[in-house]
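Q: Dumping the structure here so I can ask a few things about it.
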Amino acid sequence: MTSAVPTSETLKAPPSKKAVAKALGSAMIGNWFELFDFIIYGYFAAQIGRAMFPAADPLTSILSSFATYGVGFVMRPIGSIVLGSLGDRFGRKFSLIITMFLMAASTGITGMIPSYAHIGYAAPVLLVICRLVQGFAAGGEWGGATTFIVEYAPPHRRGLFGALQQLSTSLAVVSAVCTALVLNLILPAASVDAWGWRIPFLLGILVAPVGFYLRAHVEDTPHYTAEADATPVKPLREALTQHGRAVATIFGSVIIWTVAGYTFGAFLVSFAIRILKVAPSIAYTGTLVGALANILVIPLAGFLSDKIGRKPFLLMSAGGFLIIAYPLFAYMDHARTGASVILTTAVAGIFSGLFSGVGPTFLCEQLPTRVRYTALSIGYNGAVMLFGGFAPFIATLLVQQTGSNIAPAFYVMSAAFISFTVIAFTPDRFRNPSL
């Protein structure tokens, strides 16, 4: 049975600015950590493939590495169910501390796994196990961090707060790109292949203690606290039976978001280096430009969405990818220059930023507080698993099977069409004063 939506009378006094700042920091740092790990893996997919799998031709090696990359996404729905349910029953803070611990442990171990040359097939097995743990943790991280931040936001600033949450993911991309770029500039290629790729995974865990501290010393959200005496006994069942349509809406809406993110992010670097023969430093610079364009658009879109609504930005994003995906891939294939890669990532960054700036809040506003963590995590991570996590693998496979370097564009366009249709028929609840 769904409880009443909290009102100004049932909610506690608004949290102080210090409490809000601490809440934002605790949520954003974990979200940064999650995406940094997943993005850095994509940037070093070729090196990881050569280190962890038997010798093969370069494209097969990349496919093996990206397949392992995608395996981590298989666990995301499971993590969303387990950690989402715990977050709705025992508090957002409780689950977010667990996700931080799991991500830190699995990320550090990834950087320490001996290569295939030293331990044989145990290397890819250990790598897969780490990816599964990371995927499980990530399944609870994004939905929890998003819920946490949006539930802390004042009603007239929900769009902006949701944008700040997503801003942390773009900062993670910038961090990952800069790390990969620096390593490729200061180390010989042989050293990057042999051991340099491990450095980002080992450095990433240094952030974990900060995240633990912030999450251990922050109060749970005012909205969750107001309903703490009436939390659902079975959040998963309630989410699927009473809010199944909202879960399906979330799933369909984010397909283009995740496909575009991982196609123009993780896949494009290896594509530019291995297929277009662009220098690694230029490929990483292109991704950095795309991330910076994303950072510029995200807060602006979030701020404006509090005034004019979320849907205009979401429709512009999905519609934009539907129109520009083919021309961008065709241009890169024809030009085969660093400039074409940089232009592609910049344009993709702008359209992704339109979605990232309003998507978190738009999705949260489709759900009630009592099952928001569970329902949001299931819908989002289901789409990420099926369409985003395997996007680099699918894009690479499309190129291999069709012999066309433009083939990945059709995958992006199909995702854009689905999401555009779903969003067009979904109500915009930005004027609702209560979550």
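Q: Being under 21 Å from the mean Cα position of the chain (by Cα) and within 30 Å of ASN184 (Cβ to Cβ) is true for just one of ILE295, ILE273, ILE255, ILE282. Which residue is that?
A: Exactly one of ILE295, ILE273, ILE255, ILE282 is under 21 Å from the mean Cα position of the chain (by Cα) and within 30 Å of ASN184 (Cβ to Cβ), namely ILE295.
Q: Go through the residues of region 403-425 one by one and say whether even a single one is outside any helix (DSSP H, G or I) and within 17 Å of LEU314 (Cβ to Cβ).
A: yes
Q: THR344 - would you say it is more than 30 Å from LEU83 (Cα to Cα), assigned to a helix (DSSP H, G or I) and modelled with pLDDT under 90?
A: No; evaluated as a whole, the condition is false for this residue.
Q: Looking at region 415-435, which of the residues that are of a type in the set (S, T, N, Q) and more than 20 Å from the chain's Cα centre (by Cα) is most open to solvent (accessible area, probe 1.4 Å)? Break it down stepwise before answering.
A: Within region 415-435, the first condition is being of a type in the set (S, T, N, Q), and the residues that meet it are 419, 421, 426, 432, 434.
Filter once more, so that each one left must be more than 20 Å from the chain's Cα centre (by Cα): 421, 426, 432, 434.
Values: THR421: 55, THR426: 9, ASN432: 72, SER434: 38 Å².
Within region 415-435, the match that is most open to solvent (accessible area, probe 1.4 Å) is ASN432.
Rundown of residues vs (1) β-branched (Val, Ile, Thr); (2) modelled with pLDDT under 90; (3) over 26 Å from VAL210 (Cβ atoms); (4) surrounded by 24 or more Cβ atoms within 10 Å (Cβ to Cβ), yes/no style:
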residue	(1), (2), (3), (4)
LEU59	no, yes, yes, no
THR68	yes, yes, yes, no
SER80	no, no, no, yes
GLY84	no, no, no, yes
VAL125	yes, yes, yes, no
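Q: Have a look at GLY139, GLY135, GLY159 and point out the one that is buried (at least 24 other Cβ atoms within 10 Å of the Cβ), touching an Asp or Glu at 6+ places or on another chain (Cβ under 6 Å) and closer than 22 Å to ALA260 by Cα.
A: GLY159
Q: Let me ask something additional. Inspect region 301-310 for any residue being of a type in the set (Phe, Trp, Tyr) and open to solvent by less than 50 Å² (accessible area, probe 1.4 Å) and give the result as yes or no. Break it down stepwise before answering.
A: Looking only at region 301-310, we keep the residues that are of a type in the set (Phe, Trp, Tyr), and these are 303.
Next, from what is left, pick out any that are open to solvent by less than 50 Å² (accessible area, probe 1.4 Å): none.
No: zero hits.
Q: Yes or no: THR396 within 25 Å of GLY140 (Cα to Cα) and among the β-branched types (Val, Ile, Thr)?
A: The answer is no for THR396.
Q: Right, another one. Of all residues being of a type outside the set (Phe, Trp, Tyr) and assigned to a helix (DSSP H, G or I) in region 114-123, which is surrounded by the most Cβ atoms within 10 Å (Cβ to Cβ)? Just the residue, please.
A: Applying the filter and picking the extreme gives ALA123.
Q: May I pose another question? Being more than 25 Å from HIS243 (Cβ to Cβ), out of contact with any Cys (no Cβ under 9 Å at 6 or more places or on another chain) and small (Gly, Ala, Ser) narrows it down to one residue among ALA375, ALA383, ALA424, ALA391; which is it?
A: Numbers: ALA375 fails: more than 25 Å from HIS243 (Cβ to Cβ); ALA383 fails: more than 25 Å from HIS243 (Cβ to Cβ); ALA424 fails: more than 25 Å from HIS243 (Cβ to Cβ).
Exactly one of ALA375, ALA383, ALA424, ALA391 is more than 25 Å from HIS243 (Cβ to Cβ), out of contact with any Cys (no Cβ under 9 Å at 6 or more places or on another chain) and small (Gly, Ala, Ser), namely ALA391.
Q: Sticking with this one: Step by step: first the residues of region 15-57, then only those that are outside any helix (DSSP H, G or I) and modelled with pLDDT of 70 or more, then the one that is least open to solvent (accessible area, probe 1.4 Å). Which residue is that?
A: PHE44
Q: Any idea how many residues of region 223-257 are open to solvent by 10 Å² or more (accessible area, probe 1.4 Å), in a helix (DSSP H, G or I) and polar (S, T, N, Q)?
A: Residues of region 223-257 that are open to solvent by 10 Å² or more (accessible area, probe 1.4 Å), as a first pass: 223-231, 233-234, 236-238, 240-249, 251, 257.
After this cut, where a residue has to be in a helix (DSSP H, G or I) as well, the list is 223-226, 228-230, 236-238, 240-242, 244-249, 251, 257.
Still in the running and polar (S, T, N, Q): 225, 241-242, 249.
Total satisfying the criteria: 4.
Q: Further question on the same structure: Is it the case that GLN166 is open to solvent by 10 Å² or more (accessible area, probe 1.4 Å) and of a type in the set (S, T, N, Q)?
A: Working: open to solvent by 10 Å² or more (accessible area, probe 1.4 Å): yes; of a type in the set (S, T, N, Q): yes.
Considered against the rule, which asks whether it is open to solvent by 10 Å² or more (accessible area, probe 1.4 Å) and of a type in the set (S, T, N, Q), GLN166 comes out as yes.
Q: Same structure, new question: Would you confirm, using the coordinates I've provided, whether LEU314 is at pLDDT 95 or above, open to solvent by less than 10 Å² (accessible area, probe 1.4 Å) and under 30 Å from VAL233 (Cβ atoms)?
A: no
Q: Which of the residues spanning region 353-400 are open to solvent by 20 Å² or more (accessible area, probe 1.4 Å) and in a helix (DSSP H, G or I)?
A: Of everything in region 353-400, those that are open to solvent by 20 Å² or more (accessible area, probe 1.4 Å) and in a helix (DSSP H, G or I) turn out to be LEU354, ARG370, ILE378, TYR380, MET385, LEU386, PHE387, PHE393, ILE394, LEU397, LEU398, GLN400.
Q: Are any residues in region 259-300 open to solvent by less than 30 Å² (accessible area, probe 1.4 Å) and outside any helix (DSSP H, G or I), and if so, which ones?
A: LEU276, VAL278
Q: Cβ-Cβ under 6 Å, sequence separation 6+ or interchain: first residue in region 310-337 and touching a residue at least 60 places away in the same chain (Cβ under 8 Å), partner among the hydroxyl-bearing types (Ser, Thr, Tyr). Which pairs?
A: What qualifies is ALA318/SER419; LEU328/THR344; MET332/SER340; MET332/THR344.
The values are calculated or read from the model by the stated rules, or taken from the named source; none is laboratory data. For clarity, every value in this text was computed on a predicted model and none was experimentally measured. Neighbour counts run over all protein chains shown; Cβ positions are idealised from the backbone, glycine included. Quick note on the areas: whole protein, heavy atoms, side chains included, nothing else; ligands and nucleic acids left out. Shrake-Rupley method; radii C 1.70, N 1.55, O 1.52, S 1.80 Å.
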